[in-house]
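The values are calculated or read from the model by the stated rules, or taken from the named source; none is laboratory data. As the structure is a prediction and not an experimental result, all values here were calculated from the model. Neighbour counts run over all protein chains shown; Cβ positions are idealised from the backbone, glycine included. Each accessible area value is taken on the protein alone, full model and side chains, heavy atoms only, with ligands, DNA and RNA left out. Shrake-Rupley method; radii C 1.70, N 1.55, O 1.52, S 1.80 Å.
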Amino acid sequence: MGVFSMPSLGADMEAGTLVEWLVAPGDQVARGDSVAVVETQKGAIEIECFEAGTVKELLADLDAELPVGAPLALILAEGESAPAIKTAAPPQPAPEPAPASVADARTPTAPPPPAAMPKGTVMASPAARVRAAELGLDLGTIRGTGPGGVIVLGDVDTSGVQPASKPAATPAPKGTPAEEMRKAISAAMTRSKQTIPHFSVSETVDLQPATDFLARANAGRPPAERLLMGALFTRAVVGAAAKVTVLNGHYTEAGFQPATQVNPGIAVALRSGGLVAPALMDAAALSLDQVMAGMRDLVTRARAGRLKGQEMTAGTITISSLGESGAEAMTGVIFPPQVALIGIGAPKLRPWVVADEIVPRQTVTITLAADHRVADGRQAARFLDEIATLLQQPEAL
């Protein structure tokens, strides 16, 4: 594996604070093992390694705020030699990069200005690109301080170049965890609305079959083992996403990348304020009881600040529910780079036509927010129809 670096745990993450090591030099680690805890605007998250090996050295200090890509540890597979470790600091005392040839060394001239570099060579984080675009700045004129010279958000903010209509910005002081969470949500959702062409489609579904099924399934079960309606919603969404695959995946610079499995992000309201949406991994392979147990586990760990990095980045579609009481419908904002979000309103008892008779039935309104770059109204309607069909056959979930 070599150098284990600070991963990106969200589309707008610039840096994280290393708060705890879960391994020590000499420890053996396997793929998926948690090795450290990193504090971000969305709370404390466990980060995992992606290959097996032996921890040779810890390269970062606790409580250090490190940019995405910064070296954290040296983890070597059997027989693997330690690579050269690149850091953000230049190798020479002078700020200019080392000369590329002996002739350059004899003639100590300054490197060409960034603007003269070939188009496409500027490396910058997604948040830095968005901020530069907002300010009308050319990234080629900004020197990056991130790993390997990558331009990060702070470089743009402190570049000293501002549009004529705006005064020079001063760094805002950090707020409470709840305020920082709200800032993170604001940044992600602003980016979503600015870059994703949203459209929404809604359908009200007869929920009585699912309601009756839960009553039968929970009879005699202790409270800790009872199924909740949220588990049925999740299984129905997973089934629909497996059939309408154009709504399950990520939209990147290379275009839409359909996912090979369905990892629904489950929106969890935190007690301190704000939301996170950790992924329930490969939910199509889980039974209804396993989905319920997985959702309980995600909620517990989210509120305790012990989520894993993969759970924060591997979601392929997000489900946000208002619970058992509240408004009857909700239209959500897509979480990039995903392309769809399902908003589920609170179940309501209303008159419904069944076999030419009007009877009272439990119903729910489900709203799909979709990315128009990958889907249109017909595909969205099919997705909602699949959910409705599955909720009419809860025994099959």
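For this structure, a couple of remarks:
- Highest-first arrangement of 196-206, 277-287, 332-342, where packing means the average Cβ count within 10 Å: 332-342, 277-287, 196-206
- The stretch 254-355 - share of DSSP beta bridges that are antiparallel (%, nearest 5): 30
- In this label model, ASP33 and GLN392 are separated by 5.1 nm, measuring between points 7 Å along each Cα→Cβ vector.
- For the stretch 271-392, with all protein chains in place and a probe radius of 1.4 Å, 53% of the accessible heavy-atom surface sits on carbon or sulfur.
- Summed over the residues of the stretch 34-86 and divided among them, the accessible surface reaches 49 Å² per residue at a probe radius of 1.4 Å.
- Most to least packed among 177-190, 306-319 [average Cβ atoms within 10 Å]: 306-319, 177-190
- Relative to the current alpha-carbon distance between GLU179 and GLN194, full extension at 0.36 nm per residue lengthens the span by 3.2 nm.
- Mean projected area of the Cα convex hull of the stretch 1-45, taken over all directions, amounts to 3.7 nm².
- Average accessible surface area per residue within the stretch 219-353, 1.4 Å rolling probe, Å²: 43
- Backbone N within the stretch 276-316 under 12 Å of label point (7 Å from VAL19 Cα along the Cβ vector): 303-307
- A simple spin-label model places the labels of ALA304 and HIS372 4.5 nm from each other, with each point 7 Å out along Cα-to-Cβ.
- Coil-residue chymotrypsin sites (Phe, Trp or Tyr not before Pro) of the stretch 1-75, DSSP, other Cβ within 10 Å capped at 15: PHE50
- In the stretch 345-375, trypsin sites (Lys or Arg not before Pro) in a DSSP loop with at most 14 other beta-carbon atoms within 10 Å: ARG373
- Carbon + sulfur, % of accessible area of the stretch 226-266 - ligands and nucleic acids excluded, 1.4 Å: 52
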